Amino acid sequence: MRMAFLVNRIETEVDEYATTRLAKAAALLGHEVWYVGAGDLRLGEPDGEIGAHAHAAVARDDDTLASFLERTQEAPAERIRLDVLDSVF
């Protein structure tokens, strides 16, 4: 599945949040996981699509919650379309 987790701001996320636990578990199961800050949503660009500047969340077997979130926060933002994802949490 392709999924995004909508958060207030990715820079201020805390590793102990349930969002981080869910995102890490999904990534470990092989799902494509993205973090999207509320301010990173882009409505109507370019052709009425719902888009965002998102950070890929890739988990490794030896990740702690902190290392998973830190790598996600440091990942470069990529433009994605939310309307083609399977779910947005």
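The values are calculated or read from the model by the stated rules, or taken from the named source; none is laboratory data. Source: prediction; values computed, not measured. Glycine gets a Cβ as well: all are built from the backbone with ideal geometry, and neighbour counts include every protein chain shown. For the accessible areas, the whole protein counts, side chains as well, though only heavy atoms, and no ligand, DNA or RNA atoms are used. Shrake-Rupley method; radii C 1.70, N 1.55, O 1.52, S 1.80 Å.
Quick look at the numbers
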| read-out | value |
| --- | --- |
| Efficiency of FRET between D86 and E49 - r from beta-carbon atoms, R0 22 angstrom, step 0.05 | 0.85 |
| Summed residue charge, Cβ within 12 Å of Q73's Cβ, Lys/Arg positive, Asp/Glu negative | -3 |
| Net charge dipole size for the chain [Lys, Arg +1 and Asp, Glu -1 on Cβ; Debye, nearest 20] | 100 |
| Around T20: net Lys/Arg minus Asp/Glu count, Cβ-Cβ under 11 Å | -3 |
| Of all accessible heavy-atom area on the chain, the percent that carbon and sulfur account for (1.4 Å) | 52 |
| Ranked packing of 64-76, 28-40, most packed first, by mean Cβ within 10 Å | 28-40, 64-76 |
| Within-9-Å neighbourhood charge of M1 [Cβ basis; K, R +1; D, E -1] | -1 |
| Positive dipole terminus of the chain, leading residue within V7, L85, A18 (C-beta point charges) | L85 |
